[in-house]
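Have a look at the structure below before the remarks.
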Amino acid sequence: MNSKSMYPRISLILVATVILGTGSVTFPRSECYQDTSKTYNPENGHWYQRIDTPMRWHAARDYCTALGGHLATIGTASENDFVYNLASGGGWLGATDEAQEGVWQWVTGEAWSYTNWAPHEPNNGVWPGHDGPYEHYLNFKPEHPGQWNDVPDHESPFICEWESSTPADLARLAVGKQYNLAIGDLTTKGWDNTNHRFMNPEEITGLDCSGLVYWAYNKAYGATRYQDRNNPVFFEGADGQYRNNTAAISEDELRPGDLLFFDWNGDGYIQHVAMYVGDNLVVSAQSRNAENCPGTIAIFNLGFIKAWRGFVGFRRIASPTTELQIQAHSPVNLVVTDPNGNTINHETHGSLKSGLVSGIEVNSRYERETNCDE
Ligand SMILES: [Ca+2]
Ligand SMILES: [Ca+2]
Ligand SMILES: [Ca+2]
């Protein structure tokens with residue numbers, strides 16, 4: 001196939017920065033906020049963000065919970081280093097001894113094992129006139145970098161932690177990786193076929209457009225099989241994801257993880273999908289960049305990418321609707337030809353929307369293994 005002919009003839013400009021890094025990866029946020037970006041710790045796969053709006057400890061705890069995370073908890077020296085670097089001197093951590101003096105508990109209920117108290121702490125100091133008035137809440141002690149202090153309740157910045165990644169989080173981590181379209185290579189779908197698991201973000205070497213969606217959703221969900229009816233994304237290709245795994249939404253409804261679909265040449269077959277990741281940004285994997293060189297997975301402004309020729313709409317992941325699937329190594333030994341002349345046989349790895357096996361009447365499209373920028 002001619003990849004150039006089906007690529008939109010517009011100049012692709014990287015509007016947002018492609019982030020490359022060896023350790024943690026951060027993302028731009030609105031300049032209206034002073035908070036740090038949500039930051040990935042590859043050591044434990046958790047995400048952290050410092051919130052600079054000062055809050056009392058319980059309000060900070062509830063704020064993180066409302067965002068799907070929790071006030072940061074520290075289980076190891078390396079996690080302490082990571083969180084302290086993000087905290088930039090101080091911030092509420094997710095521990096208190098308010099229930100029983102001297103008995104410290106993490107908000108997650110995880111074991112109170114690692115500690116890093118500053119000298120003479122915790123001292124349960126008394127603060128006359130404060131709501132407290134005793135010290136029951138965990139914070140860093142600025143004069144002892146990285147070490148802890150028990151302090152009275154007051155307004156302080158704080159650090160939220162998330163122990164799992166959302167699909168949009170994972171798509172952002174794929175930015176800067178190679179675009180890779182290799183038929184039959186399941187790593188382009190984020191699947192480690194040697195160890196039979198979805199790859200970790202740092203293991204990704206290259207994805208195609210629908211592979212980005214396939215990996216991000218199934219990895220975030222914790223899927224343990226390559227194709228399973230219970231996986232959030234069953235379809236490997238953009239056309240199948242469009243027809244059988246999503247529902248239309250309006251732009252007003254757009255939220256991180258929603259998808260943009262493209263039919264480059266208007267033939268009704270969807271060739272491209274990209275993911276909205278929040279902050280008016282979209283992550284897209286395509287074969288060519290503006291200089292017509294092999295592409296990388298890149299991040300674009302929403303307004304820019306939705307103006308690409310062939311954009312057909314916004315959609316949200318919904319339960320897959322396949323009625324029948326045929327996979328490689330299936331016990332069904334079947335060879336059929338679809339209306340377009342494509343052959344489906346035991347090596348076809350994909351899905352049929354409908355059809356009759358015994359009658360060999362297959363009149364709906366099936367999904368090819370990959371269909372980005374063919
Ligand atoms: Ca933690
Ligand atoms: Ca105390
Ligand atoms: Ca203290």
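The values are calculated or read from the model by the stated rules, or taken from the named source; none is laboratory data. This structure is a prediction, so every number in the text was calculated from the model and none was measured. Virtual Cβ from ideal backbone geometry, glycine too; neighbours counted across all protein chains shown.
Figures for the structure shown
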| read-out | value |
| --- | --- |
| Close pairs (9 angstrom Cβ cut-off, 6 or more residues apart or separate chains): assigned by TED's automatic domain parsing to the domain that holds D81 in the range 134-147, within 16 Å of ligand 1 (Cβ to nearest atom) and of a type in the set (D, E) anywhere | G146/D81 |
| Total residues in the range 148-163, condition free of Cβ contacts under 8 Å to residues at least 60 places away in the same chain and more than 16 Å from ligand 2 (Cβ to nearest atom) | 0 |
| Count of residues meeting criterion [more than 16 Å from ligand 1 (Cβ to nearest atom) and over 18 Å from Y40 (Cβ atoms)] in the range 71-112 | 9 |
| Failed item, numbered, when D97 is tested on (1) buried (at least 22 other Cβ atoms within 10 Å of the Cβ); (2) free of Cβ contacts under 8 Å to residues at least 60 places away in the same chain | (1) |
| Selected residue (only one of D153, D208 is acidic (D, E) and farther than 30 Å from G102 by Cα) | D208 |
| Matching strands (runs of 3 or more DSSP E) fully within the range 217-323 where at least 2 residues are more than 17 Å from L207 (Cβ to Cβ) | 246-249, 311-317 |
| Residue satisfying all of: in the range 198-216; part of a loop (DSSP other than H, G, I, E, B) and either out of contact with any strand residue (DSSP E or B) (no Cβ under 8 Å at 6 or more places or on another chain) or among the hydrophobic types (A, V, I, L, M, F, W, C) (or both); surrounded by the most Cβ atoms within 10 Å (Cβ to Cβ) among these | I204 |
| Lone qualifier among E155, E161 - being acidic (D, E) and either exposed (fewer than 13 other Cβ atoms within 10 Å of the Cβ) or over 20 Å from G45 (Cα atoms) (or both) | E155 |
| Condition check for R56: modelled with pLDDT of 95 or more and either among the basic types (K, R) or not assigned by TED's automatic domain parsing to the domain that holds Y137 (or both) | yes |
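Here is a yes/no grid of residues against (1) away from ligand 1 (no atom under 16 Å from the Cβ); (2) at pLDDT below 95; (3) buried (at least 19 other Cβ atoms within 10 Å of the Cβ):
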{"residue": "Y114", "(1), (2), (3)": "no, no, no"}
{"residue": "N124", "(1), (2), (3)": "yes, no, no"}
{"residue": "D131", "(1), (2), (3)": "yes, yes, no"}
{"residue": "Y137", "(1), (2), (3)": "yes, no, yes"}
{"residue": "W191", "(1), (2), (3)": "yes, no, yes"}
